[in-house]
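What follows draws every value from the coordinates through simple rules; no lab data is involved. Bear in mind the structure is a predicted one, so any value in this text is a computation, not a measurement. Here the Cβ positions follow ideal geometry from the backbone for every residue, glycine too, while neighbour counts run over all protein chains shown.
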Amino acid sequence: MERKVVMKHRAIKSVLTVVVAMLISIGGASAQLPSFAEAAGAALGLRTEWGVGLKAVYTGVESLSPNITVAPRIGFGAQFDMALRIGRRFAIETEIGYERGSMMVGNGTEQFKVKTTTMDIPLLASLRLLGRMIRISAGPLFSVMNKAQYVNSDNQTMEFGALHPTWNIMASAGVCIGTHFLIEARYVQSLKKTLNQFEGEEFNLRSRRITVGVTALF
């Protein structure tokens with residue numbers, strides 16, 4: 001399990017490097033847009049877009065051990081969105097997303113509430129339709145922070161392990177209300193299993209997420 005943690009940390013560092021480079025590119029495009037647009041013409045249509053959103057999160061979790069049962073609950077989250085629009089119909093999007101949730105985990109004799117904290121960074125290609133009113137996006141989602149803990153019967157805080165793997169894929173569909181609000185539904189599917197532990201037993205989990213949220217655009 002320690003080897004998996006080291007590999008996960010290396011993967012996270014690589015993802016953060018890519019995301020930082022993208023954010024610098026978006027920021028640079030924003031800073032240079034007036035002069036660039038004047039030189040290249042309005043037909044190129046490069047524009048930046050930012051947003052802040054709130055969402056409800058349902059996490060579906062499948063225990064691959066017959067001895068461990070998992071019952072997730074509805075959680076909540078927030079995100080800070082960034083996008084580089086290319087013309088009228090296309091955009092490259094990323095965000096920093098934060099989620100909190102909980103689930104009940106049992107082994108037949110004991111059951112405890114596991115509290116989870118997740119930070120995600122997706123990199124998405126987005127299609128805008130009907131005058132940018134409809135949005136369809138898809139791409140990889142990198143879970144760069146996962147924390148899941150529970151308090152056992154001895155009042156000790158125990159590590160459960162990451163609820164989501166580093167590598168996931170996300171698809172979303174949204175509708176803009178006016179020019180400043182986006183209602184969006186998302187589906188996130190994990191691409192790998194996670195190795196978890198509960199009351200002395202190690203086992204694997206497979207997860208997926210469904211979120212519904214509202215984002216204010218500016």
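A few comments on the model shown:
- Subset of Lys55/Lys192; Lys147/Lys193; Lys55/Lys193; Lys113/Lys192 violating a 20 Å alpha-carbon distance limit: Lys55/Lys192; Lys55/Lys193; Lys113/Lys192
- Per-peptide packing, taken as the mean over residues of other Cβ atoms within 10 Å, places 146-155, 51-60, 159-168 in the sequence 159-168, 51-60, 146-155 from highest down.
- FRET efficiency estimate (nearest 0.05) - Cβ-Cβ, Glu159 to Ile136, R0 41 angstrom: 0.60
- Taking 0.36 nm per residue of sequence separation and removing the Cα-Cα distance, the Asn67/Lys192 pair yields an extension gain of 42.9 nm.
- Restriction of the trypsin sites (Lys or Arg not before Pro) in region 152-204 to DSSP coil positions whose beta-carbon has at most 11 other beta-carbons within 10 angstrom yields no sites.
- Cβ-defined net charge surrounding Leu129, 9 Å radius [Lys, Arg +1; Asp, Glu -1]: +4
- Neighbourhood charge, 10 Å Cβ-Cβ cut-off, centred on Tyr187 and excluding it, Lys, Arg +1 and Asp, Glu -1: +3
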